[in-house]
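Peer 1: Here it is: the structure, laid out below.
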Amino acid sequence: WRLNLVEWMLIAVGYLSGAIPFGLLIARWFGKMDIRKFGSGNIGATNVGRAMGLRWFFIVFLLDALKGMIPTLIAKFMFPGQLPLFVGAAAIVGHLYPCYLKFQGGKGVATGLGVVFVLATSASLIAAAVFALTFAIWRMVSPSSMLAAVAFPIAEFYFLMPDPWSTEHRWMSLFSLIIPGLIIYRHKSNFWRLLRGEEHVFRNSKSQDKHEEILQDSPEATETSQSEPEAK
């Protein structure tokens, strides 16, 4: 199976779409801040939510999901078959490693959800339910994201049974293992913070409280002051 020029262009469009740093742009335009200098320094929805409030978390999450969903939908409409997998994967990689920001991007959860909603709707809904349930219990985004990333391939392999490695399904099976694995890998720093009991609990407080919390959680503040525990 060889890709033609149009198919390569769609993959490139997927990457460039995924690389759009909506979190950075929203924080700059509406929060008058460089989100990379606050909190975890991440450009994703979670860090924007900490800096600007819950409403902005949902806005950035939706935009990040759409930038993965739209090119994947276009590819699925134009070239049914395996191409949407490659376009969707390119969008996720674009979010993780955006060329616009020297390849320093987010963690891929929202963009990944947008992509898999198109490619594997049932499994994506199960993963989203795992995320929602975990978040409702722990109020932490990172373990919710990692558990959802684990749940997706399990659910998708169930739906691809009895032969997930058949010629028809093997690319989807590879996608279901590699992309969630990459998303989990991008959460490695969160994993170690979880083990140390230092991971952030999500809250929607007033602006001053949020900015104080972010400054306390920043790498600079962590290096200079370890005396005050993070509010849970």
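Peer 1: Right, I126: more than 13 Å from the chain's Cα centre (by Cα), surrounded by fewer than 22 Cβ atoms within 10 Å (Cβ to Cβ) and at pLDDT below 95 or not?
Peer 2: Details: more than 13 Å from the chain's Cα centre (by Cα): yes; surrounded by fewer than 22 Cβ atoms within 10 Å (Cβ to Cβ): yes; at pLDDT below 95: no.
No; evaluated as a whole, the condition is false for this residue.
Peer 1: Can you name the condition, by its number, that Q104 falls short on among (1) of a type outside the set (G, A, S); (2) assigned to a helix (DSSP H, G or I); (3) at pLDDT below 95?
Peer 2: Among (1) of a type outside the set (G, A, S); (2) assigned to a helix (DSSP H, G or I); (3) at pLDDT below 95, Q104 violates only (2).
Peer 1: Turning to a different aspect of this structure: For region 151-201: of the residues being more than 27 Å from T121 (Cα to Cα) and not in a helix (DSSP H, G or I), which is farthest from the chain's Cα centre (by Cα)?
Peer 2: G197
Peer 1: Next question, about the same structure. Have a look at L101, L83 and point out the one that is buried (at least 17 other Cβ atoms within 10 Å of the Cβ) and out of contact with any strand residue (DSSP E or B) (no Cβ under 7 Å at 6 or more places or on another chain). I'd like the intermediate steps shown before the answer.
Peer 2: Details: L101 fails: buried (at least 17 other Cβ atoms within 10 Å of the Cβ).
Unique residue meeting the criteria: L83.
Peer 1: Based on what the data block shows, is L24 surrounded by 17 or more Cβ atoms within 10 Å (Cβ to Cβ) and touching a residue at least 40 places away in the same chain (Cβ under 8 Å)? Steps first, answer last, please.
Peer 2: Details: surrounded by 17 or more Cβ atoms within 10 Å (Cβ to Cβ): yes; touching a residue at least 40 places away in the same chain (Cβ under 8 Å): yes.
For L24, the condition - surrounded by 17 or more Cβ atoms within 10 Å (Cβ to Cβ) and touching a residue at least 40 places away in the same chain (Cβ under 8 Å) - is met.
Peer 1: Please state which of the following conditions P71 fails to meet, knowing it meets all the rest: (1) more than 18 Å from P180 (Cα to Cα); (2) assigned to a helix (DSSP H, G or I); (3) over 17 Å from the mean Cα position of the chain (by Cα).
Peer 2: Going through (1) more than 18 Å from P180 (Cα to Cα); (2) assigned to a helix (DSSP H, G or I); (3) over 17 Å from the mean Cα position of the chain (by Cα) one by one, P71 breaks only (3).
Peer 1: Looking only at residues in region 133-142 that are surrounded by fewer than 19 Cβ atoms within 10 Å (Cβ to Cβ) and modelled with pLDDT under 95, which one is nearest to W165 (Cα to Cα)?
Peer 2: Here is the first cut: in region 133-142, the ones surrounded by fewer than 19 Cβ atoms within 10 Å (Cβ to Cβ) are 133, 135-139.
From what's left, modelled with pLDDT under 95: 135-139.
Working: F135: 33, A136: 35, I137: 35, W138: 36, R139: 37 Å.
The extreme case among them is F135.
Peer 1: Kindly list, by first and then second residue, each pair from a residue in region 8-20 that is surrounded by 18 or more Cβ atoms within 10 Å (Cβ to Cβ) to a residue that is not in a helix (DSSP H, G or I), limited to pairs with Cβ atoms under 8 Å and residues at least 6 apart or on different chains.
Peer 2: Hits for this filter: L10/F79; I11/L3; G18/P98; A19/Y97; A19/P98; A19/G105; I20/P98.
Peer 1: Oh, and also: Residues in region 63-81: is at least one at pLDDT below 95, charged (D, E, K, R) and more than 19 Å from M9 (Cα to Cα)?
Peer 2: No: region 63-81 contains no residue that is at pLDDT below 95, charged (D, E, K, R) and more than 19 Å from M9 (Cα to Cα).
Peer 1: Right, next: Here is a list of conditions, (1) over 24 Å from P143 (Cα atoms); (2) touching a Gly at 6+ places or on another chain (Cβ under 6 Å), and F57 meets all of them except one; can you say which number that is?
Peer 2: (1)
The values are calculated or read from the model by the stated rules, or taken from the named source; none is laboratory data. In this text, all values refer to a predicted model and were calculated from it rather than measured experimentally. Every residue, glycine among them, receives a Cβ derived from its backbone with ideal geometry; neighbour counts consider all protein chains shown.
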